[in-house]
Amino acid sequence: MSRIGRREKILEKASQLFRTKGYHGTTIRDISEASGILSGSLYAHIKSKEDLLFEITDRGAELFLRSLRPVVMSEEDPVLKLRKGLVAHIRVITENLEAATVFFHEWKALTEERRRIIQAKRDEYEAMWAELLSEGVNRGSFRLADEKFARLLILSAANGLYQWYNPQGDLSLEEVADRFTTILLSGFTGGEGGENR
């Protein structure tokens, strides 16, 4: 196995372990055994356990950013952008389940400097969602009393997919995005309930 291939295997096994045992609950020995490498030999590929956590979370952040950026920058209708943004977000999660789970739950275990790097990318991603929603409001596609909470609702709902979505289940990720979009656009009252009801 090439050095690059070995490193990818280590990252894959570390993602699985961080997801199931947590970052602090996973030892270097756990990672080396899962990767089929002696603990001492593992350090030929990494400097520290935190290096693995940072690389996994940074890759996750970049996947989310790369998936949403073309949607936000497109000239399409905001409603279609909302749907495509949800599809992109859901695809990143479902195609990178272990890494996405680590990205959501373990990134705060990073040391301060690395945590700031990931936080900046998370902020950039949320800002793109804010831009998408703001554009929808400005173009009359969305009526939002509170854009910030709309963004939090969308991301909270979509981020929870890793806990229940089954890629072999009845719904494709596009169908899940369609259902989310329909509920978000119609609301629980079909658009007739009013803000204060």
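The values are calculated or read from the model by the stated rules, or taken from the named source; none is laboratory data. None of the values given here were measured: they were computed from a predicted structure. Cβ sites come from the backbone with ideal geometry, for glycine too, and all protein chains shown count toward neighbours. Side chains included, ligands, DNA and RNA excluded: accessible areas come from the protein's heavy atoms. Shrake-Rupley method; radii C 1.70, N 1.55, O 1.52, S 1.80 Å.
Identify, from the list R114, R91, R59, R66, the residue that is in contact with a Phe, Trp or Tyr (Cβ under 8 Å, 6 or more places away or on another chain) and of a type in the set (D, E, K, R).
The conditions single out R114.
Quick one: would you say K108 is open to solvent by 70 Å² or more (accessible area, probe 1.4 Å) and closer than 18 Å to T20 by Cα?
The answer is yes for K108.
Checking the structure you have, find out if any residue of segment 166-179 is modelled with pLDDT of 90 or more, open to solvent by less than 50 Å² (accessible area, probe 1.4 Å), closer than 15 Å to I93 by Cβ and polar (S, T, N, Q).
For segment 166-179, residues modelled with pLDDT of 90 or more, open to solvent by less than 50 Å² (accessible area, probe 1.4 Å), closer than 15 Å to I93 by Cβ and polar (S, T, N, Q): absent.
Provide a single number: the residues in segment 24-35 that are in contact (Cβ under 8 Å) with a residue 24 or more places away in the chain and either open to solvent by 20 Å² or more (accessible area, probe 1.4 Å) or charged (D, E, K, R) (or both).
Step one: filter segment 24-35 for residues in contact (Cβ under 8 Å) with a residue 24 or more places away in the chain, giving 24, 35.
Narrowing further to those that are either open to solvent by 20 Å² or more (accessible area, probe 1.4 Å) or charged (D, E, K, R) (or both): 24.
Of the residues in that region, 1 qualify.
Name the one entry in A120, A100, A145, A157 that is surrounded by 17 or more Cβ atoms within 10 Å (Cβ to Cβ) and of a type outside the set (K, R).
Only one candidate qualifies: A100.
For the structure I just gave you, tell me whether L86 is under 14 Å from L155 (Cβ atoms) and not acidic (D, E).
yes
Looking at segment 129-184, which of its residues are basic (K, R) and in a loop (DSSP other than H, G, I, E, B)?
The answer is R139, R143.
Taking only segment 1-45 into account, find how many residues are among the aliphatic types (A, V, I, L, M), modelled with pLDDT under 85 and not in a helix (DSSP H, G or I).
The number of residues fulfilling the criteria is 3.
Looking at segment 47-71, which of its residues are open to solvent by 10 Å² or more (accessible area, probe 1.4 Å) and either touching a residue at least 60 places away in the same chain (Cβ under 8 Å) or not in a helix (DSSP H, G or I) (or both)?
Scanning segment 47-71 gives K47, S48, E50, F54, D58, V71.
Is there any pair with a first residue in segment 105-131 that is farther than 23 Å from D146 by Cα and a second that is open to solvent by 70 Å² or more (accessible area, probe 1.4 Å) and of a type outside the set (D, E, K, R) whose Cβ atoms are under 8 Å apart and which are 6 or more apart or on different chains, and what are they?
What qualifies is A109/H24.
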